[in-house]
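A.B. asks: Take a look at this one; I'll ask things after.
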Amino acid sequence: MFDVILEEYASSNRFTERDSRLKFTLGFGALLLVSISMSPLAPIFVAISMALIVILLAGIPARVYLSLLLLPSPFLVLSIVAILLITGGGNALTAIHLGPYTLHLSTGAIVIAINTAARILGGMSALLFVALTTPMVELFSLLKSLRLPQEFIDLSMLVYRCTFLMLAEAIAIQNAQTMRQGYSNFRNSIRSISLLGSGLFIRGWNRGEELLLAMDSRCYDGRFEMPLKGKRMGRVEISLVFAYLVICGFLALAPYIWGSG
Amino acid sequence: MHIMEGFLPSPWWELWFVVSLPLIILGLHRLKEISDMRRDAIPLLAVAGAFIFVLSSLKLPSVTGSCSHPTGTGLAAILFGPVVTPVLCLIVLLYQALFLAHGGITTLGANLFSMGIAGPMVGYSVYRLGCRVGANTYMTVFLAAALADVGTYLVTSAQLALAFPAAEGGVIASLAVFGGIFALTQVPLAVIEGIVVALIFKYIISLRADILVKLDVLTKGRADALREAAE
Amino acid sequence: MRESDEPAIEFREVSFSYPFRPPSLRRLSLRIIKGRKTAILGPNGAGKTTLLLHCNGSLRPDDGAVIVKGEQIRYDRSSLRRIRRTVGLVFQRSDSQLIAPTVYQDVAFGPVNLGMESEQVREIVEETLHAVGLSGYDRRVPHQLSEGEKKRVAIAGVLAMGPEVLVLDEPTASLDPAGAEEMMDLLDELHERGVTLVISTHDVHLALGWADDVILLVDGEKIHQGPPGSVFDRPELMRQAHLSTPPLVELVRGLAARGVLPRDTLWKGVPVLIEAITEKIPGYKRGSCGTIYIADLSNGVSAHLPQLIEEKRIRHTGAMGTIAKREAARHGIQLHFTHGVIDKCLLRATMGEDSLIMTTGGMVARVRERVSEFSLSYKLDISIVEIGMPGEEHID
């Protein structure tokens, strides 16, 4: 039915209570460094270390982590293969003949493919770190510190709340439909999904009106309070995060300094 | 179609943020305008955002057997307009990345451009054009949603092609390859989503056509005509 | 009773229809008296929710007027804001009322939109969460809470605005029996602090046992308003309202009709009923009554209670109010009663057993009053022991 919602893990792991600014810095910092890295060293380092951090330290089950990481594999594999076959540079290795076309496999393509795959693994790991250890509500304070407009943040917070309500409704409707063979064949599935979609839309609209009624009943004047700030971070933790990012940065940028190989 | 985290190399992933930025700023500006004008704007937009998210979490039945998700952005553009839809998509993409590990944060700019800006613009234009020439409403909606998806997929392919040009033939050849590969899944998906969106539209009209009138999606005359035809 | 008979909310010939629908309220006139507990009783579709939505100006009558604190509601924005500060509305479905991502933000919503400063808001939210028994829930997320918790957050959100009147639409609707009891106890506690309460319900037993004043609403019309007793007197009213009579009320009526009980006996609770029946049994000899210990927790006695319970072998303990319940939990005191505590302890006392009531502030006096009244009416020897710091007090 629906993908696993990571929020459940995010609010019940061992890192839940830690300062979210630290988690964002670590996660997004690593992500940034992975994404500007010229060699696969930094991404691979991040991929392995993040996996260990998430599984061993934060306590997320390995099975869950791996399934999330490998989720987009069809897309991934296809794309990597495409890259291998069409990009070039470096020395030619072999040629593959497909009818009138000849595809050349070159070292350059392999390098690009490896870099890309590493970057994806590293990037996904960093993303998963944030997604699995940080409850979404922490995000709003981050948005505010990024100086995004208050209407946007208010809207995001409301969307957050409405999403959970609507998801619950969608699941309920889908269950009811399934019990009545709603998804037994292609044609029925199309019909059921459409009924579901229109039902959600209409209920959503009503919910929007209810929402306004609820807000007005409490004298809505365009204001929303931000969530409470969490625990302050300790010096040890800051140093650890800093050290980690320095290592990543070094691995990411070293090739620039010493010339790429 | 989401480009997953880390797929795009520098400087491409940064570039798409820059490209999307002006339109987002426009959207945010409009958001402020609307919320100042109408008290019920923010709650309704919130529900709209939730709707897009939930819709895109559904699994569509597909001929190829793999699971695919609708983008929901075509329908969003028809219902909520092309200026505000990018803002809603930004929130949805953010939540998809952080809730579902779908897409990514560095690729947010690229995905936003393809799914939140380009696709909706295509969908919206097709819909308005169809309305203006008086074409059959459901056909128009079908085309709008399907072409929005096609537009998204083409832009995504272009984004990949630009980042990974072919050794022989450059970007064009690369576009052909990526476009060709993803056509297998994306074109059927676009058709199916088109059908589903048209059906959703039909059901909404038969139950609560007034909502579509309030949203300026249909004129009252058209809504009444369609509703009568449905009975 | 102690309050004046001033109406907090008044309806004068209010009529209202939703677009394209038959009237939901028909020339409705009623008065909600300040300081009282009013229950609006009626079947589904009677118009209860519509009525409540008029109380805070969410709906505007087609005809007639709604008056709050002596002033007719005007429907411009600033008047409505004022009304909604005075009259707080808690919806039937908590999910409709909880709008923010965290509990703190939701409860803070009212105060923030009333223009209060952050520090003040923080204080109010903490106080209010404490009042509904949800301290420490600040950073929790609504969709992870139980129905009962969600309901309390919703109430907290409304309370945070300091309303004089609290209106609740079917407060026990989605709660299980234990949750419903806790809810009514919370409402009693709020009432003790001076809030006028109005609830709507289709639960007859609830309304009749709790309310000071009952309004029967059927098809948008008020068919009766009066104290609970007055409703019992007239079974035809209950029939008209499509309400079923609670079995115990039927029992009282049946016994009264047979002359076992005086004809004018009204439903006043189980202890009264038992006394009224046993009085009539010739040769019935009651043993001596037990003692009711009252612990006023505002005196800081809670630490001594576990010892007292051991010493005096008290086997029935009840707590009234959220503070009392929290203190009980803190000291590991098992609670046997959490609602309708006084009645249950009276019952125990008449059976010769001792009980302990933990409560705070003004409720202590109320407990004492009721126990004395009961003892006097039925010539019982229930002793009351108030546990304070130095010394104890006996009342016979």
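A.B. asks: Given R₀ = 56 Å, what would the calculated FRET efficiency be for A:Arg223 paired with C:Asp381, taking r from the Cβ atoms and rounding to 0.05?
C.D. replies: After rounding, the FRET efficiency stands at 0.40.
A.B. asks: Work out which chymotrypsin sites (Phe, Trp or Tyr not before Pro) in chain C are exposed loop sites (DSSP not H, G, I, E or B, at most 15 other Cβ within 10 Å) and give the longest gap free of them. Provide the component values of the computation, followed by the final result.
C.D. replies: Values: sites that count: C:Phe20, C:Tyr75, C:Tyr284.
Excluding the exposed sites themselves, the longest stretch runs over C:76-283.
A.B. asks: Given H placed on each backbone N at 1.01 Å, which residues far from C:Asp63 in sequence or on other chains put an amide H within less than 5 Å of it?
C.D. replies: The answer is C:Ser15.
A.B. asks: Can you tell me how region A:148-230 classifies by the Cα gyration tensor, rounded, prolate or oblate, using a/c under 1.5 as the rounded cut?
C.D. replies: Details: a/c = 3.18, a/b = 2.46, b/c = 1.29.
Taking the square roots of the gyration eigenvalues as a ≥ b ≥ c, region A:148-230 is prolate.
A.B. asks: Would you kindly work out the equivalent ellipsoid of region B:12-230 from its C-alpha gyration tensor and give its semi-axes, the square roots of five times the eigenvalues, largest first in whole Å? Write down the numbers at each step before the final one.
C.D. replies: Numbers: eigenvalues 172, 91, 48 Å².
With the √(5λ) rule applied to region B:12-230, the semi-axes are 29, 21, 16 Å.
A.B. asks: Return the whole-Å distance between the Cα centroid of region C:244-299 and the Cα centroid of region B:62-139.
C.D. replies: 69
A.B. asks: Quick one: Karplus J couplings for region C:240-246, per residue in order, coefficients 6.51, -1.76, 1.60, θ = phi - 60°, nearest Hz, x for Gly and Pro?
C.D. replies: 4, 7, 6, 10, 8, 7, x
A.B. asks: Can you classify chain C as rounded, prolate or oblate using the Cα gyration tensor, where a ≥ b ≥ c are the square roots of its eigenvalues, rounded means a/c under 1.5, and otherwise it's prolate if a/b beats b/c and oblate if not?
C.D. replies: Numbers: a/c = 2.22, a/b = 1.24, b/c = 1.79.
It is oblate, given that a/c is not under 1.5 and a/b is not larger than b/c.
A.B. asks: Sticking with this one: ³J(HN,Hα) across region C:196-202 via Karplus (A = 6.51, B = -1.76, C = 1.60, θ = phi - 60°), whole Hz, x for Gly/Pro?
C.D. replies: 6, 10, 10, 10, 10, 7, 10
A.B. asks: Here's another thing I want to ask about it. Hey, if you drop one equal point scatterer on each alpha-carbon of region C:7-240 and run the Debye formula without solvent, what base-10 log of I(q)/I(0) do you get at q = 0.16 Å⁻¹?
C.D. replies: So the normalised log intensities are -1.15.
A.B. asks: Taking amide H positions as placed in the peptide plane 1.01 Å from N, state which residues far from C:Ala8 in sequence (5 or more) or on other chains have amide H under 5 Å from it.
C.D. replies: The answer is C:Ile32, C:Ile33, C:Lys34.
A.B. asks: Follow-up question, since we're still on this one. Name the trypsin sites (Lys or Arg not before Pro) in region A:137-177 that are in a loop by DSSP and that have at most 13 other C-beta atoms within 10 Å, would you?
C.D. replies: When the trypsin sites (Lys or Arg not before Pro) of region A:137-177 are filtered for loop state and at most 13 Cβ neighbours within 10 Å, A:Arg147 remain.
A.B. asks: Run through region C:97-145 and list the GluC sites (Glu not before Pro) located in a DSSP loop whose Cβ has at most 12 other Cβ atoms within 10 Å.
C.D. replies: Working: sites: C:Glu117, C:Glu119, C:Glu123, C:Glu126, C:Glu127; in loops: C:Glu117.
For GluC sites (Glu not before Pro) across region C:97-145 that sit outside H, G, I, E and B with at most 12 neighbouring Cβ atoms in 10 Å, the list reads C:Glu117.
A.B. asks: Another question, then. Out of region C:290-357, which trypsin sites (Lys or Arg not before Pro) are coil in DSSP terms and have no more than 16 other C-beta atoms within 10 Å? All intermediate terms of the calculation are to be shown ahead of the outcome.
C.D. replies: Numbers: sites: C:Lys312, C:Arg313, C:Arg315, C:Lys325, C:Arg326, C:Arg330, C:Lys344, C:Arg348; in loops: C:Arg313, C:Arg315.
Passing both the DSSP loop test and the Cβ count: C:Arg313, C:Arg315.
A.B. asks: Determine ³J(HN,Hα), in whole Hz, for all residues of region A:224-238 in sequence, where each value follows from phi through the Karplus function 6.51 cos²θ - 1.76 cosθ + 1.60 and θ = phi - 60°; x replaces Gly and Pro.
C.D. replies: Ordered by residue, 3J(HN,Hα) equals 9, 7, 7, x, 5, 6, x, 5, 7, 8, x, 5, 4, 5, 4 Hz.
A.B. asks: Return the long-range amide H neighbours of C:Ser383 (sequence gap of 5 or more, or a different chain), with a cut-off of under 5 Å between placed amide H atoms.
C.D. replies: C:Ile292
A.B. asks: Which value in nm describes the separation of the simple spin-label points at A:Ile110 and C:Ala329, placed 7 Å from the Cα toward the beta carbon?
C.D. replies: Result: 6.4 nm between the two label points.
A.B. asks: Same structure again: Would you work out which of C:Ala319, C:Met351, C:Ala303 lies farthest towards the positive end of the dipole of region C:209-365? Charges go on Cβ: Lys and Arg +1, Asp and Glu -1.
C.D. replies: Checked the options; the winner is C:Met351.
A.B. asks: At C:Glu181 and A:Gln150, where each label point lies 7 Å from the Cα along Cα→Cβ, what is the point-to-point distance in nanometres?
C.D. replies: Between C:Glu181 and A:Gln150, the simple spin-label model gives 4.6 nm.
A.B. asks: Is region C:186-315 rounded, prolate or oblate when judged by the Cα gyration tensor, a ≥ b ≥ c being the square roots of its eigenvalues, rounded requiring a/c under 1.5 and prolate requiring a/b larger than b/c?
C.D. replies: On the way: a/c = 3.46, a/b = 1.33, b/c = 2.61.
Oblate.
A.B. asks: Just tell me how shielded C:143-153 is by partners: mean number of partner chain Cβ atoms within 10 Å of each residue's Cβ, no decimals.
C.D. replies: Working: counts 8, 6, 0, 0, 0, 0, 0, 0, 0, 0, 0.
For this peptide, the per-residue mean of nearby foreign Cβ atoms is 1.
A.B. asks: Taking springs between alpha-carbon atoms closer than 10 angstrom, which of B:Ala198, B:Ala166, B:Ala183 fluctuates most in the Gaussian network model of chain B?
C.D. replies: Judging by the Gaussian network model, the answer is B:Ala166.
A.B. asks: C:Glu221 to B:Met139: FRET efficiency via 1/(1 + (r/R0)^6), r the Cβ-Cβ distance, R0 56 Å, to the nearest 0.05? List each step's numbers first, then the result.
C.D. replies: On the way: r = 52 Å, r/R0 = 0.92.
It comes to 0.60.
Read-outs: derived from the displayed coordinates by stated rules, not from any lab. Quick caveat, the model's predicted, so the values are computed rather than measured. Positions of Cβ are backbone-derived with ideal geometry, glycine not excepted, and every protein chain shown enters the neighbour counts.
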